[in-house]
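Just so it is clear, none of the values below were taken in a lab; they were calculated from the coordinates. As the structure is a prediction and not an experimental result, all values here were calculated from the model. Note that each Cβ is placed from the backbone with ideal geometry, even for glycine, and that neighbours are counted across all protein chains shown.
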Amino acid sequence: MASGPTHLDSARGWVTACGAALSVMAAFGTIYSFNAFAKSMADEFGTGHGPISLVFGITVFLFFGSALVSGRLYDRFGIAPLLIVGGAMFCGGLFAMSQISVLWHGYVLFGVGLGFGGGLFNAPLFALTAMWFVRHRAVAQGIVATGSGLGTMLFAPLAQWLLEVYGWRGGMKALAVVAAGIFAVALFMIKQPPKMDMGDAKRHVSLVVRSAAFWQMSASGVFFTVAVIGSLGSVVTFAQDDGLPPRAAVALFTIIGFSGIVGRMALTSLARPLGSVRLLKIAFFGLPVAYAIWFATTRVSGLETKFALLIVFASVLGVSYGGFVALLGHVTAHLFGLAGLGTVMGMLFFCSGTGALIGPPLMGFTADATGDIGLPIAISGVIAAVGVVVLLPMTRHPLPLPTYMGPPGVPPTQTSSAPIQRPVREPLIPQRLFREPAVPMVRPLADRTAEALERPRSASLRDAPPDVFWPIPDDDASDRNGAAVPVTVADLARSN
């Protein structure tokens, strides 16, 4: 029996994952470093929290929202053109931002340059990494997502130091050079995986977007980013307004970045035994807890107690935010399959981008209007709680779509909670071949697979694409044991 595509879980895939993490680190770190410059920019242009936070909101909206376009471009052209064009727009926009004389120019230069430019390669990098892995996909996705945590942790103090030495204009120029160098290194590390026949990806995507699980992920993504991006865009300025010195306020951002790395690696390492969907919900549940702690800090008078509570808030926020982002790509592949994965992830990132456009201005303008940072924090906590309610009922099983194709795990089995209409044709892999036995599994998987191969071949197997690849068992399920047994449709056909 063939071992399946040799590139899956290979050393080249790990190199690609590390290169993707570098690109994500440079993109997220540079965008989030805007918080270090925000107060100086507000003082120079004579504005409050709202107008400055709108720059950040537009940028993050385009950063995630442009995935609606970049996902389709990735499915068609691959990653290299997107990283080259997007990286050039990103660095050029940052350098041009340092030259602005009126604030609204920043809405265009910082927003379009860093937002749309970075968005051209951000979501595709997660889809790219998913195509390189089967058994270790959750960990690989965690490595890529760790890039954003590293960027938050490393670039925030770097930006603060550059601000003190060169001012916000010189600091942005320096960051543009740093980001360009990182993108160049990452470009040599990243490689497109060999193509696998995924069948009719367009039809598959049309079925995915009609599922309840897709809209639950989309809606919860909006609530998630309204709360998280709103807080990331205001935590430094709010902390300074609440009495913390600038370096202590920026240190909170570093803590968020470090705890985000911990959350990414810890939760993705637990994806196999506990299930990535379950962990995604747990990560989201941490957000309302974080905002409750943050709100409590606004009612504390002692500066040391306030700072201690803010450290706890930043740690919980980082773990929740990091874990959710790291698991998102793996959950998407697990639920919906790999066919048209770039497009599906692009749509999910776009929905998240709409929340990013709302969150920072909502918190900034609310704080300006009320003169109290407690109210916007409380609003964010309520929004996060609503997102938890939306996500909790989502199924943990792959959707039983007739076009569902691997390698995210075993073929999906029909469940009573499945929202999909009946298939219009027989699935490519007969479900009876992979149905779990009614009694506890005691025989080796290889024996059960050999028994399945002795059964008669159906017409659907003869017509199926030759490169469709199924590893057994599902690497996301906690109730299955044993090593994965790779099986291709061609193997099944030849055996008969």
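A few comments on the model shown:
- The phi torsions of the range 214-228, fed into the Karplus equation with coefficients 6.51, -1.76 and 1.60 and a -60° offset, translate into couplings of 4, 6, 5, 5, 5, 5, 5, x, 5, 4, 4, 6, 4, 6, 6 Hz, rounded to whole numbers, with Gly and Pro shown as x.
- Here the 3J(HN,Hα) profile of the range 271-282, calculated from phi with Karplus coefficients 6.51, -1.76 and 1.60 at θ = phi - 60°, is 5, 5, x, 9, x, 5, 5, 4, 5, 4, 5, 5 Hz, Gly and Pro shown as x.
- One decimal place: the segment H105-A248 gains 48.5 nm when fully extended, by the rule 0.36 nm per residue minus the C-alpha distance.
- Nitroxide proxy distance, nm - points 7 Å out along Cα→Cβ at K202 and V177: 4.8
- FRET efficiency, R210 to R12 (Cβ-Cβ, R0 25 Å, nearest 0.05): 0.10
- Likely footprinting exposure, H397, H105, H334, fewest C-beta neighbours within 10 Å first: H105, H397, H334
- Full extension of the segment from E44 to L392, taken as 0.36 nm per residue of separation minus the current Cα-Cα distance, would add 120.8 nm.
- Between A88 and T370, the simple label model (points 7 Å from Cα in the Cβ direction) yields a spacing of 4.6 nm.
- Förster-model FRET efficiency, 30 Å R0, Q192 and F285, C-beta, rounded to 0.05: 0.25
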